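Each value in this text was obtained by applying a stated rule to the coordinates, not by laboratory testing. What you are looking at is a predicted structure, and each value in this text was computed from that prediction instead of being measured. Virtual Cβ from ideal backbone geometry, glycine too; neighbours counted across all protein chains shown.
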Amino acid sequence: MTQQTISKQLDRLGYIQAPVEKDVDLSQAIVKLKKEKNAVLLAHYYQEPAIQDLADYLGDSLYLAQQAAKVEADIIVFAGVHFMAETAKIINPSKKVLLPDLKAGCSLADSCPPTDFEAFKALHPKAIVVTYINCSAEIKALSDIVCTSSNAKRVIESIPVDQEIIFAPDKNLGRFLIKETGRDMILWDGACIVHEAFSFNKIVALAQEYPEAKFIAHPESESPILEIAHYVGSTSGLLQFVQSDSANSYIVATEAGILHEMQKKCPHKTFIPAPVEDDTCACSECAFMKLNTLEKLYNCLRFEQPEILLAPELIEKAKMPILKMLALK
Ligand code: 13P
Ligand code: SF4
């Protein structure tokens, strides 16, 4: 395939649609290509199980950002969503960073357009801007410090108590942090469509059906859901909890991809995905995360496309708030 054809396809589809040779074992071929091309595969827990199983590094947003900063290989293939691959490029810009499908976006990142956010920030000129990593590079460039759901509390607590804080883009995580830290933050009105899809009433009904099961939730979920949870935490927090806790079954309110690693780590425990409001869709799956497939991952390594490209000035501006977060112990 010529470079021109690849570029045309990328514009249209966001990924390389090249025919895959007959009988090719995609998993084996991906392992081989990774070696040949000196590439490492970083994958988020929300990826499909086959991709998670191939990852050199599998984890939550914080762990993957920490690993991306340390990569020495030539290529980083990011099986996650766009803001994650973009973060990898910002903190390790000399590497070629690939994302199997460029359209793997994020509803939460999309809920915070840079021009609107700049105007919002101007209304609170004295405030420190803390942004959740689920945002675009442009928003990171407007921030003082970035956080993830794993370290958000620590980040907020590192800021002097009398300092005004803007927290963006996730209002649900923001509200949770206000309760946890006692800090009165100014919240941007953004949310994740996956974590807002869970149904409070159906979760309560399910908990009655499984009285032994503990209910655990990601802090991107809405307040009433977090209030009834036995434990609230990031994806890695949830994973650690089910390994150290004594219960045998759990109702899990986050993207269903995490159940794969939970089941691997605790083969004798039962994990039930939390029900969503809409019976007609698999809303507890993130459609953006699931745009990446084994086939797209294979073609992405073959053609070294789609690549994350960012203007050097944007990288410079967006880097400091991420490095500040990574430096925080
Ligand atoms: P964590 O990986 O930080 O738990 O975040 C979950 C998420 O929604 C990523 O998009
Ligand atoms: Fe974004 Fe929500 Fe998908 Fe995470 S689960 S990538 S926050 S849309």
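The GNM of the chain, with springs linking C-alpha atoms under 10 angstrom apart, assigns the highest mean-square fluctuation among 229, 152, 247 to 247.
Along the charge dipole of segment 115-255, which of 143, 221, 253 sits closest to the positive end, that is, farthest toward it, with unit charges on the beta carbon of Lys, Arg, Asp and Glu (+1, +1, -1, -1)? Towards the positive end, the residue furthest out is 143. Other residues with beta-carbon under 12 Å from the beta-carbon of residue 320 carry, at +1 per Lys or Arg and -1 per Asp or Glu, a net charge of +2. What's the local net charge at residue 156, with K and R +1, D and E -1, over the other residues with C-beta under 14 Å away? Taking every Cβ under 14 Å from that of residue 156, the sum is -1.
Prolate is the label for segment 157-272. Its Cα gyration tensor axes, ordered a ≥ b ≥ c, give a/c of at least 1.5 and a/b above b/c. If you take all other residues with their beta carbon under 9 Å from the beta carbon of residue 257, and give Lys and Arg +1 and Asp and Glu -1, the sum is -3. Centre-to-centre separation between the Cα atoms of segment 146-182 and those of segment 101-128: 16 Å. Between segment 188-256 and segment 275-310, the C-alpha centres lie 23 angstrom from each other. The lysines within cross-link reach of residue 264, meaning a Cα-to-Cα straight distance under 22 Å and a gap of 8 or more places when in the same chain, are 214, 290.
Within segment 89-167, report the GluC sites (Glu not before Pro) that DSSP leaves as loop and that have at most 15 other Cβ atoms within 10 Å. Those that pass, being in a loop and sparsely packed, are 164. Distance distribution P(r), segment 4-137, all Cα-Cα pairs, bin width 5 angstrom from 0: 2, 9, 16, 19, 20, 14, 9, 5, 3, 2, 1, 0, 0 percent. Over the residues of the chain, the helix contribution to mean residue ellipticity at 222 nm works out to -12000 deg cm²/dmol, using -39500 (n - 2.57) for each DSSP H run of at least 4.
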